[in-house]
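Notes follow the structure.
Just so it is clear, none of the values below were taken in a lab; they were calculated from the coordinates. Treat the numbers as computed from the prediction; the structure is a model and nothing was measured.
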Amino acid sequence: MLTVVFIIILVLLFTFSYAGLRGAPWVPTKNNDMARFLRLANIQPGEKMYDLGCGDGRMVCAAGSAGAQAKGFEVSVFPFLIAKLRRLLQKNKKNISIAFRDFWFINLRDADVVYVFLMPKIYERLEEKFKKELRPGARVITYVWPLEAWQPQEISEEKGFPKMYSYIVPQH
C-alpha cells in the first residue's frame with residue numbers, strides 16, 4: 001500500500017513539474033475574472049475556444065456555458081482530473097472537452113479564441129506558434145502578462161485583480 005501511495009505522489013510531482021517547465025505551474029484564474037474574460041473574448045455561439053494549460057477547467061467551462069465549443073489542454077494530472085470533474089457538472093458539457101495533452105503539440109488553426117495564463121518566459125515561442133497557426137481575426141486573451149511583440153486591442157484593469165490583455169491576430 002505504501003508503494004502505491006509513493007507512486008501516486010511521484011506521478012503527481014512529475015506532472016506538476018512537467019507542467020511548470022512546459023508553460024506554467026497550476027495557479028487558477030480568479031473566479032471573478034471569468035466574466036471579464038467572456039467580455040473581452042466576445043465569444044459567439046459555436047465559436048471554438050482553446051485554453052492552453054487549462055488547469056482546473058474553469059475558463060473552458062465558462063466559455064462552453066457561453067456557447068463556445070471549448071477545448072482545454074492540460075498536462076498536470078491533478079488539475080486535469082479537477083477539470084474533467086468540473087466538466088461533468090456542467091449543463092452544456094457537450095460543448096466542453098478537456099484533453100490530457102501538451103498544447104505545443106496541437107494545431108490552433110481552428111480556434112476563434114485562445115486563452116492563455118502561462119509564464120512570460122514562453123511567450124516569445126508562443127507568439128510564433130500563434131503567427132503560424134492562428135488565422136487572421138482570431139482573438140487571444142492573456143491573463144497577467146502581455147505578449148511583448150503584439151499590440152493589445154484592449155487592456156482590462158480592475159482594482160485588486162490582474163490585468164487581462166486582448167489581441168486580434170493580424171493579417172499575415
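Would you grab the residues whose amide H sits under 5 Å from the one on residue 99? Only those 5+ places off in sequence or on another chain, please, with H modelled 1.01 Å from N.
Sorted by chain and number, the residues that satisfy this are 72, 73, 74.
So, in Å, what gap is there between the alpha-carbon centers of region 147-166 and region 87-101?
If you average the Cα positions of each part, the centres end up 27 Å apart.
Using a Cα-Cα cut-off of under 20 Å, which aspartates and glutamates could be cross-linked to residue 30, ignoring same-chain neighbours fewer than 8 residues away?
Residue 30 reaches 51, 56, 74, 154, 157, 158.
With the contact rule set at Cα under 8 Å and sequence spacing of 6 or more, what percent relative contact order holds for region 61-169? Before the final figure, lay out each step's value.
Numbers: 165 pairs, mean separation 22.8, N = 109.
Answer for region 61-169 is 21 percent.
Could you list which residues have their amide H under 5 Å from that of residue 114, counting only those 5 or more apart in sequence or on another chain, with H placed in the peptide plane?
Amide H neighbours of residue 114: 50, 139, 140, 141.
Which of the residue pairs 132/159; 94/159; 84/129 have a Cα-Cα distance greater than 30 Å in the structure shown?
Working: 132/159 35 Å; 94/159 35 Å; 84/129 26 Å.
Over 30 Å apart, Cα to Cα: 132/159; 94/159.
Across region 88-135, how large is the tail of the calculated P(r) beyond 17 Å, expressed as a percent of all Cα pairs? Don't jump to the answer; show the numbers that get you there.
Values: 512 of 1128 pairs.
I get 45 percent for the Cα pairs in region 88-135 exceeding 17 Å.
Multiply the residue separation of residue 93 and residue 105 by 0.36 nm, subtract the distance between their alpha-carbon atoms, and state the gained length in nm to one decimal. Kindly include the intermediate steps, with their values, before the conclusion.
Values: separation 12, 0.36 × 12 = 4.32 nm, distance 2.42 nm.
Taking 0.36 nm per residue and subtracting the Cα distance, the gain is 1.9 nm.
What's the extension gain from residue 135 to residue 121 if we count 0.36 nm per residue and subtract their Cα-Cα distance? Don't jump to the answer; show the numbers that get you there.
Values: separation 14, 0.36 × 14 = 5.04 nm, distance 2.38 nm.
Result: 2.7 nm gained on full extension.
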